[in-house]
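Below is one structure, written out as C-alpha cells, with a few remarks after it.
The values are calculated or read from the model by the stated rules, or taken from the named source; none is laboratory data. Since the structure is predicted, the reported quantities are computational estimates derived from the model, not experimental observations. Every residue, glycine as well, gets a Cβ built from its backbone with ideal geometry; the counts of neighbours run over all protein chains shown. Heavy atoms of the whole protein, side chains included, go into the accessibility calculation; ligands, DNA and RNA do not. Shrake-Rupley method; radii C 1.70, N 1.55, O 1.52, S 1.80 Å.
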Amino acid sequence: MADASVQDAEQVAALQAEIKEIDEAIAAGREVVAGLEQVVETLDSARKWGIWDMLGGGLLSTAIKHSRIDKARQGINDVQRQMRRFTKELADVRNQVELRVDISDFELFADYLFDSFIVDWLVQSKINDALSRAHQARATVFQAVSELEGLKRTAQRKQSELQKRRVQS
C-alpha cells in the first residue's frame, strides 16, 4: 500500500512538471498567434494601400504601402523569433511555418520609379501571398495551442484523480 502511495506521488509530480511545460508552450504559442495577428493586420493595410496605388494613388500611396510592407517584414522577423521559442518549448510541433515578404529591391525601386499598374500588380500579388501565408500560419499555431490546452486538461484530470486516490489511501 505504501508503494502505491509513493508511486502515485511520483506520478503527481511528473504530471505537475508536464503541466508546467505545457503552460510554457501554450504561452509561447499564444505569443506567436498575437504576432501573426499583427502581421495580418499590417499586410491587410499594405494590401489596401496597394489597391489604391494600382488605381492611380500616386507617390503617397506607394510610400505608405511600402512603409506597411516594411512594418510587416519587421513583424514577420519577430514572429519567426517567437516561433523558434514555441518550437523549443514544444519539441513535437508538427508544422514550422516560414513567413516572409519577398519583394526584391528592384521591385521596390521600380515601383517608385515607374509607378505603373504592372509593377503595382506584381507587388500586390506578393502582399496577397504573404497575407495568405500569415493567415495559414496563424490557423496552424492556433490549432496547436488548442491541442496543448486539451493535453493540459487531460494531465490536470489525471493529477486530480491521483491526488484523490492518495487522500483515500
Inter-residue pairs, beta-carbon under 8 Å, first over 10 Å from V141 (Cβ atoms) and in the stretch 17-34, second part of a helix (DSSP H, G or I) and open to solvent by 60 Å² or more (accessible area, probe 1.4 Å), 6+ apart: I19/Q156; I22/L151
Candidate set: the stretch 146-160, residues that are open to solvent by 30 Å² or more (accessible area, probe 1.4 Å) and without any contact (Cβ under 8 Å) to a residue 60 or more places away in the chain; chosen: the one farthest from the chain's Cα centre (by Cα): S160
Members of the stretch 15-55 that are part of a helix (DSSP H, G or I), open to solvent by 60 Å² or more (accessible area, probe 1.4 Å) and hydrophobic (A, V, I, L, M, F, W, C): W49, I51, W52
Residue that is farthest from the chain's Cα centre (by Cα) [pool: residues in the stretch 39-83 that are under 13 Å from W121 (Cα atoms) and of a type in the set (A, V, I, L, M)]: L55
Members of the stretch 35-60 that are of a type in the set (K, R) and over 16 Å from G75 (Cα atoms): K48
Cross-chain or 6+ apart pairs with Cβ under 7 Å, the stretch 130-145 first and under 17 Å from K71 (Cβ atoms) and open to solvent by 40 Å² or more (accessible area, probe 1.4 Å), then of a type in the set (A, V, I, L, M, F, W, C) and not in a helix (DSSP H, G or I): R133/L99
Counted residues, the stretch 64-76 - those being surrounded by fewer than 20 Cβ atoms within 10 Å (Cβ to Cβ) and closer than 12 Å to Q38 by Cβ: 2
